[in-house]
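> One structure coming up, written as structure tokens, with questions to follow.
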Amino acid sequence: MANASKESQYIILLQQLEISLKRGRYVRSHELATRTLRLAEKYVQSDSWKNAEEVMQWLENTADRLTKAAVSESAPSNVLKRLIKTVQEDFMTRKNQGRMHTISRLDSDTKVDYSEELPDLRSDILGAILDLSSELENGAESIAEDAEKHINANEVIMTIGRSRTVEAFLKRAAKINKLEVIIVKCGPFYQGKDLAKSLTKSKIKTTLINDTAAFSMMSRVDKIVIGTHTVLANGGLKAIAGCHQILLTAKYFNVPVLVLAASYKLSPEYPFSAEMKITNRFVSPEELIDYKDGDMIDNVQVYAPVFDYVPPELVSLFIFNMGSHAPSYIHRLLHDTYTQT
Amino acid sequence: MLSESKKSGSPPRPPPSEDISRDDVRAQREAKKLAKAARKNKSFKGKLANPPTSTSENEHPVVPYPAQKSLKTGTTSRALEVKPAEANPSSQSVSIGVSADLLKSDSSSPSVIHSLFKPKKGKELAQSNVSKLYPPFYNVGLKVRNNVIRGANSQCVKLLDAIKDYVRCYDVPPGTTFKHGLFADLEGNMENLKTVCSFSISMSNAVQFLLFYLHNMPDDDGKVIDFKNEILDVIDQYIVEKIEKAVEAIVLYGLEKINEGDKIMVYSITEALMSLLVKAAEDGISYELILIQTRETKVELADVLEKLKKPTSDQTVRVSAVNFSSALYKIRSCSKLLMGGHGLFTNGGVMAQSGSGQLALVADTYNKPVVFLCETFKFCDRSPLDFLPLEEYMPEQFQTEDDFLEPKLIYDVTPSNLVTVVITDIDMLPSNGLAATLRVQEGSTPAKL
């Protein structure tokens, strides 16, 4: 009885998550990541699996399923794929317990049989999930700890759109040094005002400008600090629309760019083809065209993509919650976080 | 010294007996805290202006460690000095805290960015002057200010029409000649009008031209009616030559640049650009148009579509619109970027709608030609390196109650190295060749604005 209810619990969670993704009922990828982690926790707690191989299979299938539900969101599948690696590692540690050579490389030639049943594997995986969950919660704070290192006194910082991580970062920096912030509002959502209000409350002098004015103001900016939606496998970004242009301008004016990203944003996906296409989302262009002009735009195609691809050359430094790295180092982080499939 | 800090509302001091018995380190820490609180509560000036005369009220006769922060700007020493509290109040005792405290959160020092947008002295709206303004001018001014008359060319034409009206109805005041009287009155009116609405470059140049012409008119007595007719003719000629014919010339040159099957990205729509697009469609050239949209240009999109109604409906011209933030999404598939200019400068910079600099950079990065269309009468004898000198053309910046600034930047300057060519009514020129060309053509240095 208890088993059945546990099983149905995770199935229900999975269905709910899928529906939210399909309908676009989510705001931040942080929320998606936490929900996915809870789902995985419920699965591991249930009795639906016997050995590590079944867990990994389920994780992979669920990751595929959630990606199909919303192609542009990578946070759920990132979390699940990370768990695959964690399960493998836990399995190997358990198996090699007591043996002298405990360093077993996961990419070694010998095929590992994951279908071996290990008794304590469940508690191990649950522990790992707990660690990951606390990492998720404290992501913004641990990134903000680096704020003092990078932001000096009297600097003018530019940021794009609204990012919770950047907000925490700037507030932390403002406790130590006086700084000013320019917030750039980018379409299609133009979400800068809330961030401006929040920063002003923390006694940071804020200016809110449109993305059209970014070029004019760039010469006065000392650094750019932005958040991103996803960090791609080549070190590039999938960030909000408008970022690529603004970062191009930053390169033109030689302004360093810091990207703050929590670990669940690191994705093993590459941008497709030479044209660097990314999985994008298109929303209603109601900001651009009034509904009352509807009959005039019968023959007009209107596009409002949400994301932008930013090539790795435009980023100076990534700050993850596990440390700061250059874009060229991302491949190593990927290797440590995800398994080679 | 310490009581001074106490006055400013710092945490309360313990009674003296406990104080004396405290450790060195603990007293230091306490003093540091007080100094920090004192700094937070008082501004620099306040502290300097408020000499520590309150030591007479010092309730703690023997406190071994000083807490007063050094007020002399420039002192950066970090040494700790031991001074008794009743020591002379004007002694500049040295700060315990780090001298970088000078830079710490001090809400009274101005923001670098906010001070860029502060209205300059002497530019305040003089309400009383509006009453001295000739009513048709005020009319035009309000329409320009509220964006009812859109587009630099139409604004200029409407202003010149109002000036013609003024000249027709002008009565020479006693004691001056027609020329001097009209010059002074017209200049006064224009100054007053500038307080109602911000002049665009086209308007400023037109007024400048007229005043220059007036200044050079012969001084001798003649019939007032002859003078008036002369001026009206000059204004008409200006409108026809510099504005209407110029647009036609630009369209002729521009047609060479629009080819069959082209994909053109368009921003900063002016009359010249609009006429070019319409003419190209009328000539049967089938091209694709990608309009870059921002929230401010919603109305212009409606205009464009209205004018291009027939070509779009029979698919000669295929139009798509993209948000400014996603211009990069489309730039690769475009063949060129076409923009209308509001002004040209001596250093080759082009003034256009805010965002053109950004788009020019994007197009340049992907190796697409950046073409500006600008009439020569919009040439301005300045060399701005960025948007700040253009403040006089932009409306007042108001600060919202929430204490963050949201400036409205309408124009910006595209540097000349990002511009491929500027199509003007005299020729197609590289942007930095304009000054030389104009000088040769007009044979004189243009009037400085």
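> Is there any pair linking a residue in segment A:241-258 that is at the interface with chain B (Cβ under 7 Å from one of its Cβ atoms) to one that is among the aromatic types (Phe, Trp, Tyr) and part of a helix (DSSP H, G or I), with Cβ under 8 Å and at least six apart or on different chains, and which?
A:Ala241/B:Tyr329; A:Gly242/B:Phe324; A:Thr249/A:Phe215
One line per residue, one yes/no per condition, for (1) surrounded by 13 or more Cβ atoms within 10 Å (Cβ to Cβ); (2) in the same structural domain as A:Tyr264 (by TED's automatic domain parsing); (3) over 28 Å from A:Arg94 (Cα atoms):
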{"residue": "A:Leu17", "(1), (2), (3)": "yes, no, yes"}
{"residue": "A:Arg25", "(1), (2), (3)": "no, no, yes"}
{"residue": "A:Asp47", "(1), (2), (3)": "no, no, no"}
{"residue": "A:Asn51", "(1), (2), (3)": "yes, no, no"}
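> Another question about this same structure. Output the qualifying pairs, or none if there are none: Cβ atoms under 9 angstrom, residues six or more apart or on different chains, first residue in segment A:32-44 and farther than 16 Å from A:Gln57 by Cα and assigned by TED's automatic domain parsing to the domain that holds A:Arg122, second residue of a type in the set (D, E, K, R) and surrounded by 19 or more Cβ atoms within 10 Å (Cβ to Cβ).
Note: pairs meeting the criteria are A:Leu32/A:Glu73; A:Ala33/A:Lys265.
> Tell me which of these A:Phe320 doesn't satisfy, since it passes every other one: (1) touching a strand residue (DSSP E or B) at 6+ places or on another chain (Cβ under 8 Å); (2) at positive phi.
(2)
> Still on this structure, please answer the following. I'm checking my understanding of the structure. Among residues of segment B:297-312 that are more than 8 Å from chain A (Cβ to nearest Cβ) and under 29 Å from A:Cys186 (Cβ atoms), which one is surrounded by the fewest Cβ atoms within 10 Å (Cβ to Cβ)? Let's see the steps before the verdict.
Taking segment B:297-312 and keeping what is more than 8 Å from chain A (Cβ to nearest Cβ), we get B:297, B:299-300, B:303-304, B:307-308, B:310-311.
After this cut, where a residue has to be under 29 Å from A:Cys186 (Cβ atoms) as well, the list is B:297, B:299-300, B:303-304, B:308.
Details: B:Thr297: 22, B:Val299: 12, B:Glu300: 19, B:Asp303: 14, B:Val304: 24, B:Leu308: 21.
Here the answer is B:Val299.
> Another one. Before we move on, is B:Ile264 over 30 Å from B:Leu214 (Cβ atoms) and surrounded by 15 or more Cβ atoms within 10 Å (Cβ to Cβ)? Full working, then the answer.
On the way: over 30 Å from B:Leu214 (Cβ atoms): yes; surrounded by 15 or more Cβ atoms within 10 Å (Cβ to Cβ): yes.
Taking the combined requirement at face value, the residue satisfies it.
> Exactly one of these conditions fails for A:Val231: (1) more than 11 Å from every other protein chain (Cβ to nearest Cβ); (2) among the β-branched types (Val, Ile, Thr); (3) closer than 16 Å to A:Met158 by Cβ. Give me its number.
(3)
> From B:Glu256, B:Glu306, B:Glu248, which residue is more than 30 Å from B:Cys169 (Cβ to Cβ) and at pLDDT below 90?
Among B:Glu256, B:Glu306, B:Glu248, only B:Glu306 is more than 30 Å from B:Cys169 (Cβ to Cβ) and at pLDDT below 90.
> Being touching a helix residue (DSSP H, G or I) at 6+ places or on another chain (Cβ under 7 Å), among the small types (Gly, Ala, Ser), crowded, with 16+ Cβ neighbours inside 10 Å and without any contact (Cβ under 8 Å) to a residue 60 or more places away in the chain is the filter here, so list the residues in segment B:313-349 that pass it.
Across segment B:313-349, the qualifying residues are B:Ala321, B:Ser325.
> Same structure again: Restricted to segment A:182-201, and to residues that are in contact with a Lys or Arg (Cβ under 7 Å, 6 or more places away or on another chain) and at the interface with another protein chain (Cβ under 10 Å from one of its Cβ atoms), which residue is modelled with the lowest pLDDT? Don't jump to the end; show me each part of the working.
Restricting attention to segment A:182-201, the residues satisfying the condition of being in contact with a Lys or Arg (Cβ under 7 Å, 6 or more places away or on another chain) are A:191-192, A:194-195.
Filter once more, keeping what is at the interface with another protein chain (Cβ under 10 Å from one of its Cβ atoms): A:192, A:195.
Values: A:Gly192: 85, A:Leu195: 90.
Within segment A:182-201, the match that is modelled with the lowest pLDDT is A:Gly192.
> Of the residues A:His244, A:His325, which single one is buried (at least 20 other Cβ atoms within 10 Å of the Cβ) and assigned by TED's automatic domain parsing to the domain that holds A:Ala173?
On the way: A:His325 fails: buried (at least 20 other Cβ atoms within 10 Å of the Cβ).
Result: A:His244 is the single residue among A:His244, A:His325 that is buried (at least 20 other Cβ atoms within 10 Å of the Cβ) and assigned by TED's automatic domain parsing to the domain that holds A:Ala173.
> Something else now. Got a sec? Which of A:Asp120, A:Asp107, A:Asp131 is of a type outside the set (Ser, Thr, Tyr) and modelled with pLDDT of 85 or more? Full working, then the answer.
Working: A:Asp120 fails: modelled with pLDDT of 85 or more; A:Asp107 fails: modelled with pLDDT of 85 or more.
On inspection, the qualifying residue turns out to be A:Asp131.
> Evaluate segment B:274-287: report whether one residue or more is within 13 Å of chain A (Cβ to nearest Cβ), surrounded by 16 or more Cβ atoms within 10 Å (Cβ to Cβ) and either within 22 Å of B:Ala360 (Cβ to Cβ) or among the basic types (Lys, Arg) (or both).
No; the residues of segment B:274-287 include none that is within 13 Å of chain A (Cβ to nearest Cβ), surrounded by 16 or more Cβ atoms within 10 Å (Cβ to Cβ) and either within 22 Å of B:Ala360 (Cβ to Cβ) or among the basic types (Lys, Arg) (or both).
> Still on this structure, please answer the following. Of the numbered conditions (1) at pLDDT below 90; (2) over 30 Å from B:Leu305 (Cα atoms); (3) within 13 Å of chain B (Cβ to nearest Cβ), A:Thr279 satisfies every one except a single condition; which is it?
Among (1) at pLDDT below 90; (2) over 30 Å from B:Leu305 (Cα atoms); (3) within 13 Å of chain B (Cβ to nearest Cβ), the lone unmet condition for A:Thr279 is (3).
> A follow-up question, please. Considering only segment B:313-361, give the strands (runs of 3 or more DSSP E) lying wholly within it that have at least 3 residues that are more than 7 Å from chain A (Cβ to nearest Cβ). Can you show your working first?
Details: elements: B:317-323, B:336-340, B:343-345, B:350-353.
It comes to B:336-340, B:343-345, B:350-353.
> Looking at segment A:284-303, I want the residues that are more than 8 Å from every other protein chain (Cβ to nearest Cβ) and have a partner that is modelled with pLDDT of 75 or more with Cβ atoms under 7 Å, at least 6 apart or on another chain. Which pairs are those?
Between residues of segment A:284-303 that are more than 8 Å from every other protein chain (Cβ to nearest Cβ) and residues that are modelled with pLDDT of 75 or more, the close pairs are A:Ser284/A:Ala304.
> Quick check: anything in segment A:209-225 within 20 Å of A:Gly139 (Cβ to Cβ), more than 9 Å from chain B (Cβ to nearest Cβ) and not in a loop (DSSP other than H, G, I, E, B)?
yes
> Checking A:Asp336 against (1) at pLDDT 90 or above; (2) surrounded by fewer than 19 Cβ atoms within 10 Å (Cβ to Cβ); (3) away from chain B (no Cβ under 11 Å), which test does it fail?
Going through (1) at pLDDT 90 or above; (2) surrounded by fewer than 19 Cβ atoms within 10 Å (Cβ to Cβ); (3) away from chain B (no Cβ under 11 Å) one by one, A:Asp336 breaks only (1).
The values are calculated or read from the model by the stated rules, or taken from the named source; none is laboratory data. Source: prediction; values computed, not measured. For neighbour counting, all protein chains shown are included, and Cβ atoms are generated from backbone atoms with ideal geometry for every residue, glycine included.
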